[in-house]
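Have a look at the structure below, then the notes.
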């Protein structure tokens, strides 16, 4: 049997911009994506800690080292610069793998710098 488990999590990512005139998605600094093994165009679930909004979209890679977290298209209406997000992706995993499963998690601080990693 396959189950859905957390694969990647970027916690407390500060929104740096919002662009309603873009096709859609969330732009994430490529370095942050790489640290949690998140891929471009991967489906993500986002929770906005400021307003409680939850939304699904897909990740696109931003400039490495930029700290960019940009809400694009319709998601731009669900947050504003400075809001903190939890950005998550999940994997379908055989239930026998569940015992040893460990998601890739980072917690961000000032300027979206990594403060902890697990």
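Where a number appears in this text, it was derived from the coordinates with a stated rule and is not lab data. Predicted, not measured: the structure shown is a model, and the values here were computed from it. Reconstructed Cβ throughout: ideal geometry from the backbone, glycine too, with neighbour counts over all protein chains shown.
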Exercise for the section: Over the chain, calculate the relative contact order: mean separation of alpha carbon pairs under 8 Å at least 6 apart, over the residue count, as a percent. Expected result: 43
Practice task
Could you state, as a whole-number percent, how many of the C-alpha pairs of the stretch 1-85 are farther apart than 20 Å?
Solution key: 26
Practice task
For residue 35, put the label point 7 Å out on the Cα→Cβ axis and report which residues of the stretch 87-111 keep their amide N under 18 Å from it.
Solution key: 87-89, 103-111
Practice task
On a C-alpha basis, how far is the centre of the stretch 46-118 from the centre of the stretch 1-41 in Å? Whole number, if you could?
Solution key: 5
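Based on the Kirkwood radius over alpha-carbon pairs, what is the Stokes-Einstein translational diffusion coefficient of the stretch 12-59 at 20 °C with 1.002 mPa s viscosity, in µm²/s? All intermediate terms of the calculation are to be shown ahead of the outcome.
Working: Rh = 11.7 Å.
It comes out at roughly 182 µm²/s.
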Completion exercise
If the chain between residue 5 and residue 110 were fully extended at 0.36 nm per residue, the gain over the current Cα-Cα distance would be 35.0 nm
Handout entry: Cβ-based exposure ranking for 107, 36, 15, in which fewest neighbours within 10 Å come first
Key = 107, 36, 15
Problem - Among 92, 66, 25: highest mean-square fluctuation, GNM of the chain, C-alpha pairs under 10 Å - result: 92
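Based on the Kirkwood radius over alpha-carbon pairs, what value in µm²/s does the Stokes-Einstein equation return for the translational diffusion coefficient of the stretch 39-118 at 25 °C and 0.890 mPa s? Before the final figure, lay out the partial values.
Details: Rh = 14.3 Å.
Reported coefficient: 172 µm²/s.
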Practice task
Compare 73, 62, 47 in a GNM of the chain, Cα atoms joined below 10 Å, and give the one with the largest fluctuation.
Solution key: 73
